[in-house]
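Before any comments, here is the structure.
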Amino acid sequence: MTGHAEAIADMALAAHDVLARINERCDFDIQMRIGIDSGPVVAGIIGEKRFIYDLWGGTVKPASRMKSHGEPGEIQVTEAVYEALRDKFTFEDARTIDVKGRGIMQTRFLTGRTAEPYP
């Protein structure tokens, strides 16, 4: 699970870097929020006439809630992601938020990487 969590954390940090460069180059002020959770999901294609790729599982809603409860320009992660990545990435101090359907959750903002990326 750590390999997948590490890859998505790297992607989220890279997405913020790319957006910052676009904003600077084009004199924009576009911001995004990213939410990450870690755990099992099921993925598949549904539909007979119009095909849609979708994900299901207990990990999908918390990730979506991390995004929607986050702050612009931040990458908010669940405690599961923090536990998986705390030795290789940097995070702001923990905070608690009231998440619809989940109650009080401890979350953190992912801020960077401390160790070299995996090969």
Criterion first (open to solvent by less than 70 Å² (accessible area, probe 1.4 Å), touching an Asp or Glu at 6+ places or on another chain (Cβ under 7 Å), under 14 Å from ALA12 (Cα atoms) and at pLDDT 95 or above) does VAL77 satisfy it?
no
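Rundown of residues vs (1) in contact (Cβ under 8 Å) with a residue 60 or more places away in the chain; (2) among the hydroxyl-bearing types (Ser, Thr, Tyr); (3) under 25 Å from VAL99 (Cα atoms), yes/no style:
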| position | (1), (2), (3) |
| --- | --- |
| ILE8 | no, no, yes |
| ALA12 | yes, no, yes |
| ILE22 | no, no, no |
| GLN31 | no, no, yes |
| ILE36 | yes, no, yes |
| PRO40 | no, no, yes |
| GLY47 | no, no, no |
Number of the condition not met by GLY44 [criteria: (1) of a type in the set (Gly, Ala, Ser); (2) open to solvent by less than 30 Å² (accessible area, probe 1.4 Å); (3) closer than 16 Å to ALA84 by Cβ]
(3)
So, PRO62, is that one open to solvent by 90 Å² or more (accessible area, probe 1.4 Å), in contact with a Ser or Thr (Cβ under 7 Å, 6 or more places away or on another chain) and not aliphatic (A, V, I, L, M) or not?
no
Here are some residues: GLU116, GLU92. Which one is closer than 20 Å to ALA5 by Cα, open to solvent by 70 Å² or more (accessible area, probe 1.4 Å) and touching a Phe, Trp or Tyr at 6+ places or on another chain (Cβ under 7 Å)?
GLU92
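The values are calculated or read from the model by the stated rules, or taken from the named source; none is laboratory data. Nothing here was measured: the structure is a model prediction, and the numbers come from that model. Backbone-built Cβ (ideal geometry, glycine too); neighbour counts: all protein chains shown. Please note that ligands, DNA and RNA were not included when accessible areas were found on the heavy atoms of the full protein model with its side chains. Shrake-Rupley method; radii C 1.70, N 1.55, O 1.52, S 1.80 Å.
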